[in-house]
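The values are calculated or read from the model by the stated rules, or taken from the named source; none is laboratory data. Bear in mind that the values here come from a model prediction, so they are computed numbers and not experimental data. Cβ placement follows ideal geometry from the backbone for every residue including glycine, while neighbour counts extend to all protein chains displayed.
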Amino acid sequence: MWTFSCPFIAYGDNALEYIAQIQGKKAFIVTDKNIVKLGLAKLVTDQLDAINIKWQIFDEVEPEPSLGTVKKGGLAVGKFQPDWVIGIGGGSCMDAAKAIIILLVRPDLEPDCIIASDTYNFRAKARLMAIPTTSGTGAEATWAIVLTDTKENRKLGLGTTECMPDVAILDPVMVTGMPPLITADTGMDVLTHAIEGYVSTWGTSITDGPGIVATRKAFEYLPKAYKNGGDLEARKEMQNAAILGGMSFGNSMAGLGHSTGHALGAIFHLPHGRTVGLFLPYTMEYLINGAEDTTAKYAEIARYCRIASASSDKECAKALVAKIRSLAKEIGQPLSVKDCGIDNAKYEEAIPGLIDRALNEVMTMTVTRVPGEEDLGKIFRYAYEGKNIDF
Amino acid sequence: MAKFFTQEWGDLYKEAINSNKAYEEAAKTWEGDFYFIMEHGGPIKETAYTYIDLYHGKCRKIELVTDPSKYKPEFTMTAPYSVWKRIATKELDPIKSMITRQAKLSGNMAKIMRYVKAANELTTSTTQVPTEWLD
């Protein structure tokens, strides 16, 4: 048995107007100060005001939401007792909302004790809505909650399938203001989700569909959205690609690009999309060098995206890797860890910690060629130098 | 060969864990104990409790207990026989078993998630035990 879930999705122009259809009395908004400052939270609260739903904003979510912040949110939501919890923002805000809604019904629970096999029944009290302002983490269509243990500088993959949002709203007005750098960072996240979801050993034909379509759309529309943030078609297609990527990897599993990228992001505090996108081509090369099944899947992606049509799977897979690097260069993304401005000595010092974190991610266990410590060390070092993986 | 979830099986499993170098390395800082609980149903007449004490890369004890109040382990993992069998034969990933609620875990999930590699090796060790299945 395996399962697939996704939210009810309202998308396209004026999608925020879907809020007029919800039933409720009180909404607790989980977001960050930047979203409030940009006026994006007000676009949502205006809709709530129109239907007389009282609201309260918790805007303390930081870029890598911590256990401490979620606990604070849990106290606030407990006092407010809403019947909707709405995450507005990037993955951080949406994931924090997923944890906070559990604390609404379990104020006694420590966030790091949220267990996949437990049932919290928070829908007896409130529903969960996700409104992304990036394209994106796909968190609007996943049940995972990625929090950060700030004491150990480690990302924690928590969550339960109950945390799949009830509603996701993709309104282009929420993303058109994204500056190019954030467009690029979050766009690489979409690509990584889509590709890793498609090749995941936990994937099936149900998760393949969203993954491969998201990949094609990301290649086509990310450069356009990066160069012209006002290109509405590009913005909408990237929103769609983001949620499709979420549906793919969220119902299968992410891969090595994520486990290595998570490790780098946790220790060096770099944006998630930038790090996973950086490691994607290196980890793909690692799998191409030792996993025929995955190479064949990469080749399927390459052919579907019209990147290559060679009869050799390996040639097509390598063409896909080259295309990813070319896209990264086009949108100003780093091609190596060195490009991120990380000092070599500090990076070398961090290698044992990077390896430990990457080794202990589920995503590392679920690929077709599972690296041990030695190979992970080599991947991290090659990625620092920008050297293609040749082992 | 030993019947699954008996003390004899547990003794063989302990040997398998303690011979697993990959486990030893991955779990070198682990401290924590478990009840593996097999719910009654199917071939299982009564709920069975196996206590497992894992410390710094080694298994210190595996004990089939009749009185669950004997230990208060940090973690419990509960599932019916059919699910335990699928996990033990690597037909079902234990993380997947929890996501789909076929198995239930209690305890600090974040701690388990820091030792995913070790958890994976514990499952690998079960495949090293010559097992007589109960169905």
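Looking across segment A:56-91, the residues that are outside any helix (DSSP H, G or I), touching a residue at least 40 places away in the same chain (Cβ under 8 Å) and not β-branched (Val, Ile, Thr) come down to A:58, A:63, A:64, A:65, A:66, A:81, A:82, A:83, A:84, A:87, A:89, A:90. Would a scan of segment B:64-76 turn up a residue that is crowded, with 21+ Cβ neighbours inside 10 Å and touching a Leu at 6+ places or on another chain (Cβ under 9 Å)? Checked against the condition, which is being crowded, with 21+ Cβ neighbours inside 10 Å and touching a Leu at 6+ places or on another chain (Cβ under 9 Å), segment B:64-76 yields no hits at all.
Listed by first and then second residue, the pairs linking a residue in segment A:26-37 that is under 18 Å from residue A:70 (Cα atoms) and of a type in the set (Lys, Arg) to a residue that is at pLDDT 95 or above and not in a strand (DSSP E or B), with Cβ atoms under 9 Å apart and 6 or more places separating them unless they lie on different chains, are A:33/A:59; A:33/A:61. For the structure I just gave you, tell me whether residue A:229 is touching a Leu at 6+ places or on another chain (Cβ under 7 Å) and either acidic (Asp, Glu) or not in a helix (DSSP H, G or I) (or both). Taking the combined requirement at face value, the residue does not satisfy it. So, in segment B:77-135, of the ones that are of a type in the set (Gly, Ala, Ser) and closer than 20 Å to residue A:359 by Cα, which residue ends up nearest to the other protein chains (Cβ to nearest Cβ)? Going through the qualifying residues, I end up with B:110.
Please indicate, with yes or no, whether at least one residue in segment A:349-358 is part of a helix (DSSP H, G or I), away from chain B (no Cβ under 14 Å) and free of Cβ contacts under 8 Å to residues at least 60 places away in the same chain. Within segment A:349-358, one or more residues are part of a helix (DSSP H, G or I), away from chain B (no Cβ under 14 Å) and free of Cβ contacts under 8 Å to residues at least 60 places away in the same chain. Taken over segment B:3-25, the criterion of being away from chain A (no Cβ under 14 Å), part of a helix (DSSP H, G or I) and farther than 16 Å from residue B:127 by Cβ is satisfied by B:7, B:8, B:11. The condition of being surrounded by 13 or more Cβ atoms within 10 Å (Cβ to Cβ), within 14 Å of chain A (Cβ to nearest Cβ) and farther than 17 Å from residue B:132 by Cβ holds for only one of B:52, B:37, that being B:37. Scanning segment A:18-46 for residues that are part of a helix (DSSP H, G or I) and either within 21 Å of the chain's Cα centre (by Cα) or under 19 Å from residue A:165 (Cα atoms) (or both) turns up A:18, A:19, A:20, A:21, A:33, A:34, A:35, A:40, A:41, A:44, A:45. Looking only at residues in segment B:86-133 that are closer than 20 Å to residue A:163 by Cβ and of a type in the set (Ser, Thr, Tyr), the one that is surrounded by the most Cβ atoms within 10 Å (Cβ to Cβ) is B:97.
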